[in-house]
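The block underneath contains the structure these notes are about, expressed in structure tokens.
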Amino acid sequence: MYKERGYDAVVVTDHYHQKWFETQEIVKKDAVEEYFKGYEELHAYGEQIGVRVLYGAEVRFAENGNDYLIYGFEKAFLNDPAAIFQMGAAAFSKRCRDENVFFMQAHPFRDGCVPADPRLLDAVEATNMNPRHNNHNDLAHAFAQANHLTETCGSDCHRLEDRCRAAILSQTLPKDTFELAALLRAGNFSQYFDKELIEQNM
């Protein structure tokens with residue numbers, strides 16, 4: 001479906017939090033292999049049809065209901081979920097910066113979330129287009145502007161009706177998650193989202 005709409009790439013950021021792992025019965029010894037299984041399947045299919053599939057992760061810690069998107073890391077970076085879940089955003093942000101991993105908050109004003117200390121963040125998902133949440137995108141945009149943070153957008157696709165609602169546009173196509181992180185860090189992109197749908201997500 002993304003191919004039909006002209007997308008060159010998609011990024012898989014599956015949920016990485018304790019409840020999801022328990023639901024999927026992922027055990028520590030094979031956490032990375034199991035976690036990235038969906039990405040690997042989609043990556044293989046993407047190669048067949050001509051859509052580049054990159055990976056990231058959407059991390060949640062035990063401290064609250066916030067979600068954080070990360071890009072630009074080796075898969076082994078997520079190899080100890082039990083420890084990561086307990087780290088919290090401050091400690092995890094420091095680890096990301098030590099290892100040059102891009103760390104940003106997703107939908108910071110969605111009901112159940114709170115904006116993180118902006119000093120911990122590389123960016124903010126200022127426009128989240130999932131139709132089943134009140135994301136308060138206007139507040140996320142204002143938060144990013146006030147704290148001089150890079151703004152991104154995403155379709156947050158979980159179901160068929162969520163597809164192709166947002167994208168980033170750039171002159172170059174990242175070949176992997178590391179080039180994606182570099183692109184985001186440099187701010188060499190613009191945002192696209194369906195303006196007819198944006199009112200539903202304010």
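The values are calculated or read from the model by the stated rules, or taken from the named source; none is laboratory data. Given the structure is predicted, the values throughout are model-derived calculations rather than measurements. Please note: Cβ atoms are built from the backbone with ideal geometry, for glycine as well, and neighbour counts cover all protein chains shown. The area values use the complete protein model at the heavy-atom level, side chains included, leaving out ligands, DNA and RNA. Shrake-Rupley method; radii C 1.70, N 1.55, O 1.52, S 1.80 Å.
Is segment 62-80 home to any residue that is without any contact (Cβ under 8 Å) to a residue 12 or more places away in the chain and either in contact with a strand residue (DSSP E or B) (Cβ under 6 Å, 6 or more places away or on another chain) or assigned to a loop (DSSP other than H, G, I, E, B) (or both)?
Yes: one or more hits.
VAL11 passes all but one of (1) of a type in the set (A, V, I, L, M); (2) in contact with a Ser or Thr (Cβ under 9 Å, 6 or more places away or on another chain); (3) assigned to a loop (DSSP other than H, G, I, E, B); which number fails?
With respect to (1) of a type in the set (A, V, I, L, M); (2) in contact with a Ser or Thr (Cβ under 9 Å, 6 or more places away or on another chain); (3) assigned to a loop (DSSP other than H, G, I, E, B), VAL11 is out only on (3).
What is the number of the single condition among (1) open to solvent by less than 60 Å² (accessible area, probe 1.4 Å); (2) within 16 Å of the chain's Cα centre (by Cα); (3) touching a residue at least 60 places away in the same chain (Cβ under 8 Å) that ARG185 does not meet?
Result: ARG185 fails condition (1) only.
Can you find, within segment 135-169, the residue that is nearest to VAL10 (Cα to Cα) among those that are assigned to a loop (DSSP other than H, G, I, E, B) and at pLDDT 95 or above?
Top of the filtered list is LEU149.
Checking PHE143 against (1) more than 14 Å from the chain's Cα centre (by Cα); (2) surrounded by fewer than 17 Cβ atoms within 10 Å (Cβ to Cβ); (3) at negative phi, only one condition comes out false. Which one?
Single failed check for PHE143: (2).
Please name all residue pairs, on different chains or six or more residues apart, with Cβ atoms under 7 Å, provided the first residue is in segment 34-51 and is closer than 16 Å to MET1 by Cβ and modelled with pLDDT of 95 or more and the second residue is crowded, with 16+ Cβ neighbours inside 10 Å and of a type in the set (Phe, Trp, Tyr).
If the second residue must be crowded, with 16+ Cβ neighbours inside 10 Å and of a type in the set (Phe, Trp, Tyr), the pairs left are VAL51/TYR2.
Of the residues in segment 52-62, how many are under 18 Å from MET104 (Cβ atoms) and either at pLDDT below 95 or aliphatic (A, V, I, L, M) (or both)?
3
Taking segment 4-33 as the search range and keeping residues that are of a type in the set (Gly, Ala, Ser) and modelled with pLDDT of 90 or more, which one is farthest from MET104 (Cα to Cα)?
It comes out as GLY6.
Filter segment 166-180 down to the residues that are within 14 Å of GLU125 (Cα to Cα) and crowded, with 21+ Cβ neighbours inside 10 Å and list them by number.
Passing the criteria: ALA166, ALA167.
Which condition number in (1) exposed (fewer than 15 other Cβ atoms within 10 Å of the Cβ); (2) closer than 27 Å to ARG5 by Cα is the one that ASN137 fails?
(1)
Output the residues belonging to segment 114-134 that are more than 15 Å from the chain's Cα centre (by Cα) and not in a helix (DSSP H, G or I).
Listed by number, the residues that qualify are VAL114, PRO115, ALA116, ASP117, PRO131, ARG132, HIS133, ASN134.
Give the number of residues within segment 93-133 that are among the acidic types (Asp, Glu), farther than 19 Å from ALA186 by Cα and open to solvent by less than 70 Å² (accessible area, probe 1.4 Å).
Number of matching residues: 1.
Can you run down the residue pairs with Cβ atoms below 9 Å, 6 or more apart or on separate chains, where the first is in segment 82-95 and free of Cβ contacts under 8 Å to residues at least 40 places away in the same chain and under 12 Å from ALA116 (Cα atoms) and the partner is part of a helix (DSSP H, G or I) and of a type outside the set (A, V, I, L, M)?
SER93/ARG119
Have a look at ALA90, ALA9, ALA44 and point out the one that is aliphatic (A, V, I, L, M), farther than 29 Å from ARG163 by Cα and open to solvent by 20 Å² or more (accessible area, probe 1.4 Å).
That would be ALA90, the only listed residue that is aliphatic (A, V, I, L, M), farther than 29 Å from ARG163 by Cα and open to solvent by 20 Å² or more (accessible area, probe 1.4 Å).
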